[in-house]
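The values are calculated or read from the model by the stated rules, or taken from the named source; none is laboratory data. This structure is a prediction, so every number in the text was calculated from the model and none was measured. With ideal geometry, Cβ positions are generated from the backbone for all residues, glycine too; neighbour counts draw on all protein chains shown. Only protein heavy atoms, including side chains, enter the accessible area calculation; ligands, DNA and RNA are left aside. Shrake-Rupley method; radii C 1.70, N 1.55, O 1.52, S 1.80 Å.
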Amino acid sequence: MKKTLACIAALSALSGCGSTAIMEKSEALKSQPELAIQTDGSFWGLGSEGTFTIAEQYTGKYSRSASDSTWFNTINIKDAEMVAEITRNDNSKSWQLTCRGGGTGVNVSGISFGGNDPYTCDVHDGEKTVGHYSIAPSTGAISINFATSEEGSLKVDDQYFTVKSVHKAEGSFMPINSALGYSFYSQGQAVAAAQTNGMLTLQMLPELTEAQKDTIVIGTIASALSWRPAD
């Protein structure tokens, strides 16, 4: 699948000389402990399905798929889906994610129009829908292969955060095309950072409530395990 070649290229670009590019984050978040996200999927620890743990505080499972087809060298059709279940270990509370992304785009003389519908997830608590996650390119519908950041939102019950992809590494001046991770903002302040390049980790400010932490964990899984054709 095209995803395999894309991942190899991304790993080569982001892990030069055996090092891993670490996403840029605030000093306050840098000082927080890293919660390791471990998966047992078959493809570099992810794959199309598997289970995960987050610092032994949360566990879960996921299944995902992606396709990317081009017709007449002009029309590109992308489709991606993911489902996941997240359980908090200390109280056994669970949430389910159902996610989808993709779209139909047209390429004219190397310039792409459309094809990047928002990647969206519904958050369920049993049979009840309790939240929503959405992220999309923030530079508009036209791209000429520049680094494209993404921006969106995360809401579960009454907890709300803005989500932004991070494309700059610590100590680097130039952004790169592939996201190194995602930052979560509350009232303009970065309150959590999820590293998704090379390793999966989560750092959160200590003053967050338990409900806020649960919501960010849900958003982290939606971000880190999304498997989109554009990746």
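Assorted remarks:
- Pairs with Cβ under 9 Å, 6+ apart, first in the range 175-200 and over 15 Å from Glu34 (Cβ atoms) and among the β-branched types (Val, Ile, Thr), second open to solvent by less than 50 Å² (accessible area, probe 1.4 Å) and in a strand (DSSP E or B): Ile176/Ala169; Val191/Phe161; Val191/Ser183; Val191/Phe184; Val191/Met204
- Filtered residue count, the range 141-158, keeping only those that are open to solvent by less than 90 Å² (accessible area, probe 1.4 Å) and either modelled with pLDDT of 50 or more or under 25 Å from Ile216 (Cα atoms) (or both): 10
- In the range 163-186, the residues that are open to solvent by 40 Å² or more (accessible area, probe 1.4 Å) and modelled with pLDDT of 95 or more: Lys164, Tyr185
- The set of residues in the range 21-61 being modelled with pLDDT of 95 or more and touching a Lys or Arg at 6+ places or on another chain (Cβ under 6 Å) consists of Tyr58 alone.
- Of all residues in the range 195-214, none satisfies being modelled with pLDDT of 95 or more, farther than 14 Å from Met23 by Cα, under 13 Å from the mean Cα position of the chain (by Cα) and open to solvent by less than 10 Å² (accessible area, probe 1.4 Å).
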